[in-house]
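Asker: Mind looking over this structure? Questions follow.
The values are calculated or read from the model by the stated rules, or taken from the named source; none is laboratory data. Only a predicted model underlies this, so the values are computations on that prediction, with no experimental measurement involved. Methodologically, a virtual Cβ is constructed for each residue, glycine included, from the backbone with ideal geometry; neighbour enumeration extends over all protein chains shown.
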Amino acid sequence: MKKLFTVLSVCILFSTHALAAQPRFVRVNAEAEVLAAPDRVTITVGYTQKTKNLQEGANALQKNIAQALAYCKSQNIKDKNLQTQNLSITPTYVSSKNQEKPEPSFLLSQSFSATLEDLSQYESFLYGLLNNGVNNVQEVRFFSSQLKEYRNQARILAMQNARDKAALLAQEAGAQLGKVISITEEPQRGVYGISNISQNVYSAAGTAVAGSIPVRAEVSVQYELK
């Protein structure tokens, strides 16, 4: 009986010691956002024409696209900043009571993108394209070439916010914040840029000005409690 009591006592002491030795920790989620100033703009434009004569329509499209690309060259747009899309031809058929066989018409379209490295050229360049063969503007997207630096700033702020939050929780729990146990960065989906033309604002002088680009970071950090 005495031996059994001794074994039970050892087991109880061991269990109490094991429970006391369990690490205490706190896990927090935090995020931060910085506003990036855009320094690049990509303009996607094109030429579209509806015609019944496919060859004439194709010739007109080729002429207008060539004129627009020549204008880009005259504005010192680098080859690496020009990207031409494939030609699109969509036939349509309209039936008529007076025709046994519907006569087709064709919708021809081609577009290209030009990236400007100087935002001060944006407005005059866009109007220049519209006066040199282009008849539609598909997208204007502002972005930053320094995205990595802005993202790192957001990460630093997110980590600072995580530590402040964890320290507050630890203090209210009567504990002290210890070392970091683990860090997880949440993936950020989407493209960093402004692609909606209506988001642009105008200065007092009436010229277009790009808005700021929000760059976010979100982290999950686990701290030891002392």
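Table: residues versus (1) without any contact (Cβ under 8 Å) to a residue 12 or more places away in the chain; (2) touching a Ser or Thr at 6+ places or on another chain (Cβ under 9 Å); (3) over 24 Å from Ile89 (Cα atoms).
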site	(1), (2), (3)
Phe106	no, yes, no
Ser113	no, yes, no
Glu123	no, yes, yes
Tyr127	yes, no, yes
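Asker: Hey, does the stretch 11-25 have a residue that's farther than 30 Å from Glu218 by Cβ, part of a helix (DSSP H, G or I), modelled with pLDDT of 95 or more and hydrophobic (A, V, I, L, M, F, W, C)?
Answerer: Within the stretch 11-25, not a single residue is farther than 30 Å from Glu218 by Cβ, part of a helix (DSSP H, G or I), modelled with pLDDT of 95 or more and hydrophobic (A, V, I, L, M, F, W, C).
Asker: Say whether the condition of being modelled with pLDDT of 90 or more and either buried (at least 17 other Cβ atoms within 10 Å of the Cβ) or among the β-branched types (Val, Ile, Thr) (or both) is met by at least one residue in the stretch 91-101.
Answerer: no
Asker: From the list Glu149, Glu139, pick out the single residue that is at negative phi and touching a residue at least 40 places away in the same chain (Cβ under 8 Å). Break it down stepwise before answering.
Answerer: Numbers: Glu149 fails: touching a residue at least 40 places away in the same chain (Cβ under 8 Å).
Selected residue: Glu139, the only one of Glu149, Glu139 that is at negative phi and touching a residue at least 40 places away in the same chain (Cβ under 8 Å).
Asker: Oh, and also: Scanning the stretch 201-226 for residues that are crowded, with 16+ Cβ neighbours inside 10 Å and either outside any strand (DSSP E or B) or of a type in the set (Asp, Glu) (or both), which turns out modelled with the lowest pLDDT?
Answerer: Ranking the qualifying residues of the stretch 201-226, first place goes to Ala210.
Asker: Suppose we filter Ala170, Ala154, Ala158 for residues that are over 23 Å from the mean Cα position of the chain (by Cα), surrounded by 13 or more Cβ atoms within 10 Å (Cβ to Cβ) and outside the structural domain of Thr48 (by TED's automatic domain parsing); which single one remains?
Answerer: Going through Ala170, Ala154, Ala158 in turn, just one is over 23 Å from the mean Cα position of the chain (by Cα), surrounded by 13 or more Cβ atoms within 10 Å (Cβ to Cβ) and outside the structural domain of Thr48 (by TED's automatic domain parsing): Ala170.
Asker: With (1) assigned to a helix (DSSP H, G or I); (2) modelled with pLDDT under 95 as the list, and Arg163 as the residue in question, which single condition is left unmet?
Answerer: All conditions are met except number (2).
Asker: (1) modelled with pLDDT of 95 or more; (2) in contact with an Asp or Glu (Cβ under 9 Å, 6 or more places away or on another chain): which one isn't true of Tyr71, the others all being true?
Answerer: (2)
Asker: Filter the stretch 69-90 down to residues that are surrounded by 10 or more Cβ atoms within 10 Å (Cβ to Cβ) and of a type in the set (Lys, Arg) and give me whichever is nearest to Gln55 (Cα to Cα).
Answerer: That would be Lys73.
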